[in-house]
Every structure is written in C-alpha cells, then in structure tokens.
Amino acid sequence: MNKRVTLEMPEEMHQLIVEYASEAGAEPDEYLRQMIQRELENLQDLAAADEAMRRIQSGEDKVISSEEFWRGLDD
C-alpha cells in the first residue's frame, strides 16, 4: 500500500529536482522516490558496516587475508 507524503522545500531545491528528473527522463515524484530509495539502501549498508565493525572490534569476527580466505576454499 502506497502512502502520500507532502514536503515543503525551497523553490531552488524544487527547481533542481525538476531539472535532474527531466535529465533522467523521469517525473519529479518518481525521481524523488528513486533518490529516497537509494538513500535508504545507503543507510542500510552503513548500518551493516557498523555492525560488522562492532563484531570485529569485539572479537566476535576476525579479518583474514584474501590468501587465507581462498586457501580455505581450495579444500
């Protein structure tokens, strides 16, 4: 189910969105949806990286060299 969101933004920002959307061959609302989706994916990636770093720093996981990684797969 889709939800509608209303946003207030400066005119200059709106104009940039309209211009970039036009260059991308998209309507402004679709362009904004794509931008938001990319940003949400970036935030998820950052959260996963933070969690991986936490596990490494706490000793739950360890970093190995690529040689060690591939050596284990040769068996």
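The values are calculated or read from the model by the stated rules, or taken from the named source; none is laboratory data. It should be emphasised that the depicted structure is a prediction, and the values quoted were computed from it without experimental measurement. As a convention, Cβ positions derive from the backbone with ideal geometry for all residues, glycine included, and neighbour counts pool all protein chains shown. Ligands, DNA and RNA are stripped out before the accessible areas are found, and what is left, the full protein with its side chains, is counted by its heavy atoms. Shrake-Rupley method; radii C 1.70, N 1.55, O 1.52, S 1.80 Å.
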By residue number, the members of the range 17-40 that are in a helix (DSSP H, G or I) and open to solvent by less than 80 Å² (accessible area, probe 1.4 Å) are ILE17, VAL18, ALA21, ALA24, PRO28, GLU30, TYR31, LEU32, GLN34, MET35
Among (1) more than 24 Å from LEU7 (Cβ to Cβ); (2) open to solvent by less than 70 Å² (accessible area, probe 1.4 Å); (3) not acidic (Asp, Glu), where does MET53 come up short? (2)
